[in-house]
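Every number here is computed from the coordinates shown, using simple stated rules; none is lab data. Just so it is clear, the model here is predicted, and its values are computed rather than measured. All Cβ positions, glycine included, derive from the backbone under ideal geometry; neighbour counts span all protein chains shown.
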Amino acid sequence: MQVTMTVNGTEVTRDVEPRILLVHYLRESLGLTGTHWGCDTSNCGTCVVLVDGEPVKSCTQLAAMTAGHEVTTVEGMADGATLDPVQQGFMEEHGLQCGFCTPGMMLTARALLDRNPDPAEDEIREAISGQICRCTGYATIVRSVQWAAAHPAAEGTTASEVPA
Amino acid sequence: MQVPAPFDYVRATSVANALELLERHGPEARVIAGGHSLLPMMKLRLARPDWIIDINDVAELHALTEEPDELRVGALTRHAELLDSDVVGRLFPIIHDAERVIADPVVRNRGTIGGSLGQADPAEDLTTVCDVLHARIVIASPGGERVVDMADFHRGPYETACEQHELITEIRFPVRPRAGSAYEKVERRVGDWAVAAAGAALWMAEDGTVADATIGLTALGLEGPAVEAAAVLIGERPSEDLFAEAADLAAAASSPIEDQRGPVDYKRHLAAELTRRVLGRALDRAAHPAVA
């Protein structure tokens, strides 16, 4: 079936089977491999993307169900060459170790800050409680989100300065 | 990679359209809302529908209406929306208690109240909450709609009164004066199913005695409310001893099974302890209602 949705501001259409999950639509049909695919059981949250601005586990939603909606993946976070303050915060505060949970964590943080620009630490911890960091690096993830909250209009690092 | 077996997909545009689609596509059609029970079951081939009928666009299922004598909650209302609703928290604090510990915030963005009740998992929290609050469930059929009590709706694990060709459309919570309610769950880690949980509601008389009470248990092998435990409260003046007596009766009515979440003795201990706590908190809330 034809599935059309808006991904990172661009309308895309692909012909997929109804059983294809959103995570695989993003990774395989669109080649957006920044969305990671982890446990397959709705537990780990590494596949979190934003659908209409809300965090959703993309392994537990059909691509077909997402047709007509707006999806934001990690590839859509930066504004051109300027990183989102959340991305900048993860750089400043060492919010990632292996990086596997990072896209999902950053998108959940973005949604939290859009709703609540100055969250308390326990509100940050609650927001990311459905996502697992296999490096157990939660302390620095929380500090990264706090950095972003404190620098809402951060003079972001340009993408070319980000170490490869 | 876990992917469901092949099926055909169609979106319903209204309740009437969903009912037509259910009839047209027969016994192997399944309705999807949040999908957080059905899709995992489909990945594991515990469910293998031929047709998926997506009701997420059906706006008439997505309303929260405060009437003078009841709160009407559309079946498609997400867990996160219940938790965000001030009206829900003011009238039925037990719903907020439960929603805070249902899965995790991301799952709560998708899962729905109608889906939770329809799935009827034995460790599902909202079934207990609805038992405790005497909720009534509206079920739409091709011939019209009917309203059923929880006692008639919930038939046991994974089984409800909603037939294959029908749709749960609304949950109605009666509003009564001098009410307090609470829910508490013990889980192994955030987002897990309950080891055990208890919920209670108290409706006080003007003279400070208990006019009515219900107690419900989750994941403790009891279908429906703990009737005998609640009965000892009615007409009595609340006290710690009275709540302890009711809590012991609730534990006696439970029949937990030993599993990876704990042995029988531990779970029965939780049944008593959690019941005692929620009765205390329900009383507190009846005495000090949240400001509108």
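Using all Cα-Cα distances in the stretch B:196-274, what percent lands in each 10 angstrom bin from 0 up to the longest?
The distribution over the stretch B:196-274 is 21, 49, 23, 7, 1, given as percents.
Label points 7 Å out from Cα along the Cβ direction at B:ASP265 and A:HIS151: separation in nm?
My value for the distance between the label points is 5.6 nm.
Give me P(r) over the protein assembly as shown, computed from all C-alpha to C-alpha distances, binned every 20 Å, as integer percentages.
Going out from 0 Å in 20 Å bins, the protein assembly as shown shows 24, 52, 23, 1 percent.
Within 10 Å of each Cβ in peptide B:187-193, how many partner chain Cβ atoms are there on average? Round it to a whole number, please.
Details: counts 0, 0, 1, 4, 6, 1, 0.
Mean shielding by partner chains, rounded to a whole number: 2.
What order, most packed first, do the peptides B:88-96, A:130-138, B:237-245 have when packing is the mean number of other Cβ atoms within 10 Å of each residue?
Descending packing order for the listed peptides: B:88-96, A:130-138, B:237-245.
Per DSSP H run of at least 4 residues, take -39500 (n - 2.57); add these up for the protein assembly as shown, divide by its residues and hand me the 222 nm value, nearest 500 deg cm²/dmol.
On the way: 17 runs with 149 residues, N = 456.
Helix contribution divided over all residues of the protein assembly as shown: -9000 deg cm²/dmol.
For peptide A:36-45, what's the mean number of Cβ atoms from other chains within 10 Å of each residue's Cβ?
Working: counts 0, 1, 0, 1, 6, 4, 13, 6, 0, 5.
Mean partner shielding for this stretch: 4.
Karplus couplings for the stretch A:60-66 from phi (6.51 cos²θ - 1.76 cosθ + 1.60, θ = phi - 60°), rounded to Hz, Gly and Pro as x?
Values, residue by residue: 10, 8, 6, 4, 4, 5, 8 Hz.
For the stretch A:145-150, take each phi angle, set θ = phi - 60°, evaluate the Karplus expression 6.51 cos²θ - 1.76 cosθ + 1.60, and give the result in whole Hz per residue in order, putting x for glycine and proline.
5, 5, 4, 5, 5, 7
Using just the alpha carbons, could you tell me how many Å³ per residue the convex hull of the stretch B:158-292 encloses?
On the way: hull volume 19.3 nm³, N = 135.
So the per-residue hull volume is 143 Å³.
Where in the stretch B:142-200 are there GluC sites (Glu not before Pro) that are in a DSSP coil and have at most 15 other Cβ atoms within 10 angstrom of their Cβ?
Filter output for the stretch B:142-200: B:GLU163.
With a cut-off of 13 Å, note down the residues of the stretch A:42-71 whose backbone N falls inside the zone around a label point 7 Å from the Cα of A:GLU28 toward its beta carbon.
Within reach of a label on A:GLU28, which here means backbone N under 13 Å from a point 7 Å along Cα→Cβ, the stretch A:42-71 contributes A:63.
What percentages, rounded to whole numbers, describe P(r) for chain B computed over all alpha carbon pairs with 5 Å bin width beginning at zero?
1, 6, 12, 16, 18, 16, 13, 9, 5, 3, 1, 0, 0
State to the nearest 20 debye the size of the charge dipole of the protein assembly as shown about its Cα centre, where the only charges are +1 on K and R beta carbons and -1 on D and E beta carbons. Working shown, then result.
Numbers: 38 positive and 68 negative charges, 166 e Å.
Its charge dipole is roughly 800 debye.
What lysines could a cross-link reach from B:LYS43, if we take a straight Cα to Cα line under 21 Å and drop same-chain neighbours fewer than 8 places away?
Result set, ordered by chain and number: A:LYS57.
Given R₀ = 41 Å, what would the calculated FRET efficiency be for B:ILE257 paired with A:ARG14, taking r from the Cβ atoms and rounding to 0.05?
0.30
Amide H to amide H under 5 Å from B:GLU70: which residues, 5+ apart in sequence or cross-chain, H placed 1.01 Å off N in plane?
B:VAL175
With θ set to phi - 60°, apply the Karplus curve 6.51 cos²θ - 1.76 cosθ + 1.60 along the stretch A:113-130 and write out the HN-Hα couplings as whole Hz, x wherever there is a Gly or Pro.
Per residue, the Karplus-derived 3J(HN,Hα) values read 5, 5, 8, 9, x, 10, x, 6, 4, 5, 5, 5, 4, 5, 4, 9, 5, x Hz.
Could you sort B:132-143, B:3-14, B:212-223, B:265-276 so that the peptide with the highest average Cβ count within 10 Å comes first and the rest follow in order?
Peptide ranking by packing, descending: B:212-223, B:265-276, B:132-143, B:3-14.
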